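Single-structure report; data block below.
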Amino acid sequence: MSEIKYIHCFGTSYTAGGGFEFESNNKDKKKLKDYYKKSGEKCTQYNFSWPGQLQNLLKQNKSKIKVYNHAKSGFGNELMYRKTFELISDKNF
């Protein structure tokens with residue numbers, strides 16, 4: 001595992017943390033934020049997405065691996081392919 005430095009996650013609303021848009025002023029989202037404040041976790045969409053939970057697990061195990069969540073609600077397959085290609089085509093990859 002010491003060779004792995006980054007994990008890049010791509011996907012749609014599920015991967016992005018859809019449903020956990022705590023920044024919204026929607027009345028239901030305020031209730032959601034009040035409910036999840038009790039978890040002790042900072043209420044951000046990233047923290048409640050599965051890549052954010054993976055990052056938490058890695059930190060608990062004292063891993064230095066950084067998890068990036070490139071997912072967006074509404075992403076289709078073609079856009080995910082393009083974003084993945086852009087990432088792996090970068091000279092720093």
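The values are calculated or read from the model by the stated rules, or taken from the named source; none is laboratory data. Worth saying up front: this structure is predicted, and the values here are computed from it rather than measured. No Cβ is skipped: glycine too gets one built from the backbone with ideal geometry, and neighbour counts run over all protein chains shown. What goes into the accessible areas is simple: the full protein's heavy atoms, side chains included, and nothing from ligands, DNA or RNA. Shrake-Rupley method; radii C 1.70, N 1.55, O 1.52, S 1.80 Å.
Given the options 85, 57, 47, identify the residue whose Cα lies farthest towards the positive end of the charge dipole of the stretch 40-93 (+1 on Cβ of Lys, Arg; -1 on Cβ of Asp, Glu).
Checking the options against the dipole of the stretch 40-93, the answer is 57.
What is the ratio of the Cα radius of gyration of the stretch 23-70 to 2.2 N^0.38 Å, where N is its residue count, to two decimals? The partial results should precede the final answer.
Numbers: Rg = 12.6 Å, N = 48, 2.2 N^0.38 = 9.6 Å.
Against the compact-globule rule of thumb, the ratio is 1.32.
Which whole-Hz couplings ³J(HN,Hα) result when phi for each residue of the stretch 67-75 is put into the Karplus expression 6.51 cos²θ - 1.76 cosθ + 1.60, θ = phi - 60°, listed in order with x for Gly and Pro?
Rounded to whole hertz, the list is 9, 9, 10, 8, 5, 9, 5, x, 4.
For the pairs 66/91; 33/83; 5/83, flag any whose C-alpha to C-alpha distance is greater than 28 Å.
Details: 66/91 19 Å; 33/83 31 Å; 5/83 19 Å.
Violating the 28 Å Cα-Cα cut-off are 33/83.
With θ set to phi - 60° and the Karplus curve 6.51 cos²θ - 1.76 cosθ + 1.60, what are the ³J(HN,Hα) couplings of the stretch 25-41 in order, to the nearest whole Hz, using x for Gly and Pro?
8, 4, 4, 5, 5, 5, 5, 4, 4, 4, 5, 7, 4, 5, 6, x, 8
To the nearest 20 debye, what is the magnitude of the charge dipole of the chain about its Cα centre, counting +1 on the Cβ of each Lys and Arg and -1 on the Cβ of each Asp and Glu?
For this selection, approximately 400 debye.
Hey, what number do you get for the chain at 222 nm if only DSSP H runs of n ≥ 4 count, each worth -39500 (n - 2.57), divided across all residues, to the nearest 500?
When only DSSP H runs of four or more count, the value is -12000 deg cm²/dmol.
Give me a comma-separated list of calculated 3J(HN,Hα) values for the stretch 46-62, in order, Karplus coefficients 6.51, -1.76, 1.60 applied at θ = phi - 60°, integers in Hz, x for any Gly or Pro.
4, 4, 9, 7, 5, x, x, 5, 4, 4, 4, 4, 5, 5, 4, 8, 6
Using amide H atoms built in the peptide plane, which far-off residues or other-chain residues are under 5 Å from residue 68 H to H?
7, 8, 9
Heavy-atom accessible area per residue, the chain, 1.4 Å probe: how many Å²?
Solvent-accessible surface per residue comes out at 76 Å².
Rg (Å, one decimal) plus Dmax (Å, integer) for the alpha carbons of the chain?
15.1, 45
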